Amino acid sequence: MRVPRVELSPRARTNPVSLSVCLIVRDAESTLTRCLESISPIADEIIVVDTGSIDSTVEIAEAFDARVGYFEWCDDFSAARNEALRLATSKFILSIDADEWLSPNSASHIDDLKYAFGGRQEWAMHTVAVENSTSEEDACVTFTGPRLFPRSGTAWKRRIHEYPDNPRFNVLLNPRIRIQHEGYQADQSERTARNLRILRAGLESASDEEDFCHYLFYICRYGVGISGYAPKDLTAGYERCVAGGTSMIRCSALDLLMDCYYALGDFDRMIELCERHREDLTFYSHSSLIAAYAKADRMDEARAAFSQLYPNYVVQRDRGTLDRAPEVVVRMETLIARLQVAALR
């Protein structure tokens, strides 16, 4: 029995661009139906690449008229996702995982974009918010990543913590698209062991410094106990990533390096790094710089940096597009009290 697709209300528009929704899956029978129900109203085709399921995953995908492909797992997420891209035929791609789903509002916005794309507007690598539920009650961690993008010329890169790359198009932050994810609620021990195995293999076979820093960063992010690195090795690893990683890795490594030096009380080093890498400052590292100025008793510089950051912070906070939102909000509210600039709020 086929699952009927939900029809969206008709609109007086023409020439929408076609959209392929692509997934790679394995033993996803418990979550796949919810995912496919959320995307089927906007998908012109659904591509599901199975990497070795032994449950009813494939049957569920076929019930949604998905085009099912098979890929022998080789510890390389990009290779599997590129197989899904190879099978897709639409102009645009939405990449989603089986334990994720779209809210109705996000699906409606993507449907609207299909018509804008048809007029050649907003062709870009759309970065969206992914809201991750955790095992802690009511806890949610949000990060961003490119998930909606043109098919032509795009290829996934890196074995793990992979990302789509297409030099023809700019990256555009799209806060109206939000993907829900619940995969972090279960025990992570098996996933962690698998990820570290792939990361270490990537480190050994890295083709250049950016490639090396990609895998090094994600190993360091596991911390002292799980990564096997001593504290000084973590700090050195983040320093190397800030110096030699891609833009995304540099920014993320600088964030975590701020935490390391803050814990060590080395505020001068925090200030030195942020001032040297101003082009890589995120809201979090920028707020860390302000905190370092304050801790170092450089209050005039702290106030000046705060005044520069605060207006944009408010916009991003209210839009819900802050990476590491809980930490940034707590840091900023603490700085407001510390710098006595509550009148700016």
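Each reported figure results from applying straightforward, stated rules to the coordinates on display, with no laboratory input. Model, not experiment: these values are computed from the prediction. FYI the Cβ positions are ideal-geometry reconstructions off the backbone, even for glycines, and counts take in every protein chain you see.
Longest exposed-loop-site-free stretch of the chain, with GluC sites (Glu not before Pro), DSSP loop and at most 10 other Cβ within 10 Å?
With a cap of 10 other Cβ atoms within 10 Å, the longest stretch comes to 138-345.
Using the 10 angstrom Cβ neighbour count as an exposure proxy, how do ARG159, ARG298, ARG197 rank, fewest first?
Ascending Cβ contact count within 10 Å gives the list ARG197, ARG298, ARG159.
Please work out whether region 190-240 counts as rounded, prolate or oblate from its C-alpha gyration tensor, where a ≥ b ≥ c are the square roots of the eigenvalues and a/c under 1.5 means rounded, while otherwise a/b larger than b/c means prolate and anything else oblate?
Here region 190-240 falls in the oblate category.
For ALA129, list long-range residues whose amide hydrogen, built 1.01 Å from N in the peptide plane, is under 5 Å from its own amide hydrogen.
The answer is ILE177, ILE179.
Residue farthest toward the positive end of the dipole of region 56-113, with Cβ of Lys/Arg at +1 and Asp/Glu at -1: which of ASN82, LEU113, LEU94?
The residue sitting farthest along the positive end of the dipole is LEU113.
Taking +1 at the Cβ of each Lys and Arg and -1 at the Cβ of each Asp and Glu, which of SER56, THR33, SER207 sits farthest along the dipole of the chain towards its positive end, judged by Cα position relative to the Cα centre?
SER207
Which angle between 0 and 90 degrees, to the nearest 10, do you get for helix 283-295 versus the longest principal axis of the chain when only C-alpha atoms count?
Between the helix axis and the principal axis of the chain, the angle is about 10 degrees.
Which value, in debye to the nearest 20, describes the size of the charge dipole of the chain about its Cα centre when Lys and Arg Cβ atoms bear +1, Asp and Glu Cβ atoms bear -1, and nothing else is charged?
Dipole magnitude for the chain comes out near 1060 debye.
Going 7 Å from the Cα of SER30 toward and past its Cβ, which residues in region 151-184 have a backbone nitrogen under 14 Å from where you end up?
Counting backbone N atoms under 14 Å from the label point, the list is 182-184.
Contour minus end-to-end for ALA63 and PHE143, with contour as 0.36 nm per residue of separation and end-to-end as the Cα-Cα distance?
Gain on extension, ALA63 to PHE143, equals 25.7 nm.
Given a Förster radius of 22 Å and the C-beta distance between ASN170 and THR89 as r, what FRET efficiency does 1/(1 + (r/R0)^6) yield to the nearest 0.05?
0.35
At a Cα cut-off below 23 Å, give the lysines reachable from LYS157, other chains included and same-chain residues fewer than 8 away excluded.
LYS91
For all pairs of alpha-carbon atoms in region 260-310, what percent lies in each bin of width 10 Å, listed from the first bin to the last filled one?
Percent of Cα pairs in each bin: 28, 62, 10.
Once amide H atoms are built 1.01 Å from N in the peptide plane, which residues 5 or more positions from ASP165, or in another chain, come under 5 Å H to H?
When sequence neighbours closer than 5 places are left aside, the close amide H contacts are ALA155, TRP156, LYS157.
Could you give the length gained on full extension between ALA206 and GLU37, defined as 0.36 nm per residue of separation minus the Cα-Cα distance, in nm?
56.9 nm
With labels modelled as points extended 7 Å from the Cα through the Cβ direction, what inter-label distance (nm, one decimal) is found for ARG278 paired with ALA116?
According to this spin-label approximation, the distance is 3.2 nm.
Give me the angle, in degrees from 0 to 90, between the Cα long axis of helix 104-118 and the longest principal axis of the Cα atoms of the chain, rounded to the nearest 10.
Between helix and principal axis, roughly 80 degrees.
If you stretched the chain out fully between LYS295 and GLU72, how much longer would it get, using 0.36 nm times the residue separation minus the C-alpha to C-alpha distance?
Between LYS295 and GLU72, full extension yields 74.9 nm more.
Report, for the chain, the % of DSSP beta bridges that are antiparallel, rounded to 5.
About 45 percent, rounded to the nearest 5.
Points 7 angstrom from Cα along the Cβ direction at LEU264 and ARG319: gap in nanometres?
3.5
For Cα extents along the principal axes in Å, the listed values are (i) 59, 42, 39; (ii) 87, 44, 33; (iii) 69, 49, 41; which was obtained by calculation from the structure presented?
Correct label, based on the coordinates given: (iii).
Across region 31-46, in residue order, what do the Karplus-derived ³J(HN,Hα) couplings come to in whole Hz, using 6.51 cos²θ - 1.76 cosθ + 1.60 with θ = phi - 60° and x for Gly and Pro?
The phi angles translate into 10, 5, 4, 4, 4, 5, 4, 6, 9, 4, x, 10, 8, 7, 8, 10 Hz.
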